[in-house]
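Structure, as structure tokens:
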Amino acid sequence: MKLTGMECPYCGASLEADAGAKTVTCRYCGKSFEVTDDIVRTEHTVNIKDEAKLKEAQLREQQYRDAQDRRKMYEADAKKQNYKHGGSGKFNLFMIVICALGLAAGISEGRILAAVIAVIQLVLLVGARMLGTGTLKDIRGVKVPGAVLTLVAALLVIPYSLVLSQKKPVRLIWPASGIAAHIPDPEASYGTVLSNSPDYFSANVERYSQSEFAAYVDRCRAMGFTEDDLLIYDFQGYDREGYTLTLDYSDSSKTMKIQATAPLNTTEISWPLNELVQELPAPPSQRGMIITDSNDMVKVLFTGISASEAQEYMNAVRETPFGENYELRSGKLTASDAEGNELVIRSEQFGRMSLEVSRYKEPEETAEPEPTPEETAEPEPDPTPEPAEEKAPAASGIRPEFQKSMDDYEAFYDEYIAFMQKYASSDNPVSMMTDYLALMSKAEEMDRSISKVDESELSDEELELYIDVTTRVTNKLAKASIDMN
């Protein structure tokens, strides 16, 4: 709406009226007059001068303006108080306190990026508070609701938390002693040495690129670490002294895990050990650990034998008496000779080969009771032969010996799982190698015994027990495998 400025011709007060108005009433002296071109164009024309009325009009004008100013001040103060005591103001103040604490945490932790995010949050929140209380009308001429600034500050909590929660990299100091002295220094800036005992070494190297990892693998090969044929991780190798090295690299986290073990306590083995293995050819390496050497069993762990050499040795066993019953599958040989002696050979990691021979044992015969005189008397011939008796079905119930065998089977695998979990998390797995091999041998025996169970000879209750136990053991092994990985 267009307004025209003029003066009251009676009291001289400044007035404004619509551009098209014909009559105007002065709000100060109360006089009405017609609007003419002379009145509009003349700024200080007064037809009737009344000093008393002029002063009264000026006083009323001042009172009106003072009332308007007081109303505006009251409205501003009410807006300020409503914001401070309302939900928006309280939430804003709460966020200011939280972000101030976040700024202090970022500075104390040395997280510069987190501190910068906290400063941005504080600027936004203070600006939102000034807008909410009316202290600030706009931002560079643009009116922005304070709630928007508070919301943006609240959303910045997410990147702040991610930055602050990231593990602060630690400077890597490579040891000059222990097993670390036998493997290359990765020459990395960040990382952590987890263990460096005489028998075991473990470290995590952080912020390591793919190209740096590839260069480190080349340096390990140049230092004499032969890559293992049975590769499971990104790199597995062993040197002539028997030190083992495992490297596992994650491109997503730019982290390389290093594990190394000291050589086993091996000796030169005089082959053959006894008559159980005298028919077997001499292994490619005569160095290793003798775990068992008795008349009934021989267990040996050989070192310095690659997977291909182990394969050739297993093929050579075909030409021995153990070629009678021979099965080779996935680096494992199971065989037996005509006398029933059993042979198991496995190709292990890090150039190792395990060999086990067990002597066949005749099953114990139960003595039959001597016949009574009545039983020794010859029965009278039966003129009509009876039809052949069919095989009776299995009796109902569970035999005590079958119950015991199932209990022993499940108890063993509970022990097996507990040991493997301890072995996987151990800082010194080399010291557990003997127990590991013994447990693996016992697992073979347990699996052989359970595979010989003839389900057709079991009662319904025994078959149900057999299925329950084997299923339970399988599930336990699967769960343990997932947990350890």
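The values are calculated or read from the model by the stated rules, or taken from the named source; none is laboratory data. Here the structure is a predicted model, which means the values were calculated and not measured. A quick note on method: Cβ atoms are made from the backbone with ideal geometry, for glycine too, and the neighbour counts reach across all protein chains shown. The protein model used for the area step is the full one, side chains on, heavy atoms only, and it has no ligands, DNA or RNA in it. Shrake-Rupley method; radii C 1.70, N 1.55, O 1.52, S 1.80 Å.
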Odd one out for residue 184 among (1) outside any strand (DSSP E or B); (2) within 30 Å of residue 287 (Cβ to Cβ); (3) out of contact with any Cys (no Cβ under 9 Å at 6 or more places or on another chain): (3)
Hits in region 317-345 (condition: without any contact (Cβ under 8 Å) to a residue 60 or more places away in the chain and within 20 Å of residue 269 (Cα to Cα)): 317, 345
Can you find even one residue in region 211-222 that is among the small types (Gly, Ala, Ser), open to solvent by less than 60 Å² (accessible area, probe 1.4 Å), more than 30 Å from residue 92 (Cβ to Cβ) and assigned to a helix (DSSP H, G or I)? yes
Breaking point among (1) closer than 30 Å to residue 23 by Cβ; (2) in contact with a Gly (Cβ under 9 Å, 6 or more places away or on another chain); (3) modelled with pLDDT of 80 or more, for residue 88: (1)
Tell me yes or no: at least one residue of region 297-310 is under 22 Å from residue 232 (Cβ atoms) and among the aromatic types (Phe, Trp, Tyr). yes
Inside region 88-127, can you point out the residues that are of a type in the set (Val, Ile, Thr) and touching a helix residue (DSSP H, G or I) at 6+ places or on another chain (Cβ under 6 Å)? 96, 107, 117
Filter result for residue 131 (of a type outside the set (S, T, N, Q) and within 30 Å of residue 30 (Cα to Cα)): no
Please specify each residue of region 302-345 satisfying the condition of being under 21 Å from residue 448 (Cβ atoms), among the aromatic types (Phe, Trp, Tyr) and crowded, with 18+ Cβ neighbours inside 10 Å. 322
Please specify each residue of region 145-181 satisfying the condition of being touching a strand residue (DSSP E or B) at 6+ places or on another chain (Cβ under 7 Å) and either open to solvent by less than 40 Å² (accessible area, probe 1.4 Å) or assigned to a loop (DSSP other than H, G, I, E, B) (or both). 169, 170, 172, 175, 178, 179, 180
I'm trying to understand the selection: among the residues of region 121-144, which are over 16 Å from residue 162 (Cα atoms) and in a helix (DSSP H, G or I)? 122, 123, 124, 125, 126, 127, 128, 129, 130, 131, 132, 133
Using the structure shown, decide if residue 132 is modelled with pLDDT under 85 and more than 26 Å from the chain's Cα centre (by Cα). yes
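Every residue, every condition in (1) modelled with pLDDT of 90 or more; (2) in a strand (DSSP E or B); (3) aromatic (Phe, Trp, Tyr), yes or no:
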site: 289; (1), (2), (3): no, yes, no
site: 292; (1), (2), (3): no, yes, no
site: 301; (1), (2), (3): yes, yes, no
site: 308; (1), (2), (3): no, no, no
site: 313; (1), (2), (3): yes, no, yes
site: 322; (1), (2), (3): yes, no, yes
site: 326; (1), (2), (3): no, yes, yes
Residue ID - nearest to the chain's Cα centre (by Cα), chosen from residues in region 244-289 that are over 19 Å from residue 201 (Cα atoms), among the small types (Gly, Ala, Ser) and buried (at least 16 other Cβ atoms within 10 Å of the Cβ): 288
